[in-house]
Amino acid sequence: MIPLLRRVVVLSIVAALCLAAAPAAAHAFLDHALPAVGSTVHEAPRSVRLWFTEQIEPAFSRVSVLDASGKAIDAGDSHVDPSDASILAASVPVLAPGKYRVKWRVVSVDSHVTEGDFTFDIKP
Amino acid sequence: MNLTPVRGATLVALCIAAPGIAEAHGFAGKRFFPATLATDDPFVADELSLPTVSFQKFSGNGDEPGGRETDFSIDVAKRITENFGIGIGATYKRIRPAGGDTQNGFDNLAAGFKYKFYQNDMREAIVSAGVDWDIGGTGSRHVGAESFSTVTPALFFGKGFGDLPSSMKFLRPLAVTGLVGYGIPTRSSTTTTGDEGDIETERNPHTFEWGFSIQYSLPYLQSFVQDVGLKAPFNRMIPVVEFAMSTALDRGASGTTGTVNPGIIWAGQDIQWAIEAVIPVNHRSGNSVGVLAQLHFFLDDLFPQTLGRPLIR
């Protein structure tokens, strides 16, 4: 039976390696952002930029910035960076000190949907 | 009941594996739940565990020698619809009693289905129901595979704590998953003939199968709470503690056996790996720490247009 076990192990390893090597485009997770998730900044940003782990579909990916009352205050120009399809950005006007929430929803190029939100603070 | 090495190892293996197959992964809102190893979670998914490897020593009991067991498992799960899926699993066992001959062979096949009937994305909550079927007579008696089947209907749940107030924001990455099930053997007792011709009758109790996991998602912390500057591979790690338990309910049996499994899950884009210590909760569950490790593939991410999508959409 030992040879059978070895065969099972070898076949499994080969199958695992084949799967691991298969091309894949998975869920797009937020890798990092600017302003950073949960950060406090002392200079008002002019845009928010989000880096994802996968390329995303421009037509179905959006980011918005809300103030403390929940009102959208971004410039409404949410867009995927033409030079890097894993970056989503939006411009914001000059922001007063306070807490802001960034909400995003993206579709990766293989059509998986992910969404999320985070806050950042501006303090003088 | 005499605790032979094979039976002892089988008990430990049941504690590790029961009652689910093909542990799932999934999303509830922005929460990603990884596939847990020892307890099944509530998600219906397309995925493959290849392999799950466990190693456990078991102690002697009276005249019975101790030994060690290595298990090698393959589990696959497939969505039929978005919320309904099936799964099947096989385990090859190698049992080495101290001073005895090594026993090798397949354990009984396991099959099952699961239906997700509740999901609340805002609350990161999910509930599903399923049935696991340990198919009697499909494995080798040399490694303790039972001649009878056990059917286990179960409820599964998952809850993330992303809805906690901002004053508790560093607890938001916490999540729990768990299950409660009722194990129903298809035979009330089993009669076997020992090496010396003696006849043994073993009663097969109904069991209460229960377990849960507590997990702290570092990806959730980084992406939704606060970027604390974690770099790869730590930014994809999810520390987890699993509790996998079984309580005998009747037919002369009583008490709980199980293990507590602290470990780490690393979840990537289309693959995850995990390793856990397997700590018996009491003497009946064993008296040495084992290891459980798994390589797991998200077929919905690897093959989104073919294998990784529901058969009926």
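What follows draws every value from the coordinates through simple rules; no lab data is involved. Nothing here was measured: the structure is a model prediction, and the numbers come from that model. Cβ placement follows ideal geometry from the backbone for every residue including glycine, while neighbour counts extend to all protein chains displayed.
Summary table
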| item | result |
| --- | --- |
| Order of B:THR247, B:THR102, B:THR177 - criterion: other Cβ atoms within 10 Å of each residue's Cβ, fewest first | B:THR102, B:THR247, B:THR177 |
| All aspartates and glutamates inside 20 Å of B:LYS57 as judged from Cα atoms, apart from same-chain residues fewer than 8 positions distant | B:GLU69, B:ASP71, B:ASP101, B:ASP107, B:GLU242, B:GLU276 |
| Fewest-first sequence of B:ARG79, B:ARG236 by Cβ atoms within 10 Å of each Cβ | B:ARG236, B:ARG79 |
| For residues of B:297-310, the mean tally of beta carbons on other chains within 10 Å | 4 |
| Average Cα contact separation per residue, chain B, under 8 Å, 6 or more apart, as relative contact order % | 18 percent |
| Shielding of A:44-53 by partner chains, average beta-carbon count, 10 Å | 1 |
| Dipole of the protein assembly as shown [Lys/Arg +1, Asp/Glu -1 at C-beta], most positive-end residue of B:SER213, A:ILE87, B:GLY100 | A:ILE87 |
| Neighbouring partner chain Cβ atoms per residue of A:28-41, average, 10 Å criterion | 4 |
| Peptide ranges A:91-104, B:135-148 listed from the most packed, as the mean C-beta count within 10 angstrom indicates | B:135-148, A:91-104 |
| For the protein assembly as shown, Kirkwood radius (reciprocal of mean inverse C-alpha pair distance, Å) | 23.3 Å |
| Flagged links, alpha-carbon separation over 22 Å, of B:LYS78/B:LYS231; B:LYS116/B:LYS169; A:LYS71/A:LYS123 | B:LYS78/B:LYS231; B:LYS116/B:LYS169 |
| Cα-projected label distance for A:PHE60 with B:ASP250, points at 7 Å along beta-carbon direction, nm | 5.1 nm |
| Leading residue at positive end of dipole, the protein assembly as shown (Cβ point charges), from A:SER78, B:VAL180, B:ALA129 | A:SER78 |
| Calculated [θ] (222 nm, deg cm²/dmol) that DSSP helices of n ≥ 4 give over the protein assembly as shown, each run adding -39,500 (n - 2.57) | -2500 deg cm²/dmol |
| Charge-dipole axis of the protein assembly as shown as Lys and Arg at +1 and Asp and Glu at -1 on Cβ define it, positive-most pick from B:ALA110, B:ASN282, B:GLN305 | B:GLN305 |
| Spin-label zone in region B:280-308 - amide nitrogen under 19 Å from a point set 7 Å from the Cα of B:TRP273 along the C-beta vector | B:291-299, B:302 |
| Given charges at beta-carbon only (K, R positive; D, E negative), |dipole| of the protein assembly as shown in Debye | 620 debye |
| Crossing angle, helix B:5-17 versus chain B [Cα axis fit, 0-90 degrees, rounded to tens] | 20 degrees |
| Environment charge of A:PRO93, counting only residues whose C-beta is closer than 12 Å and scoring Lys/Arg +1, Asp/Glu -1 | -2 |
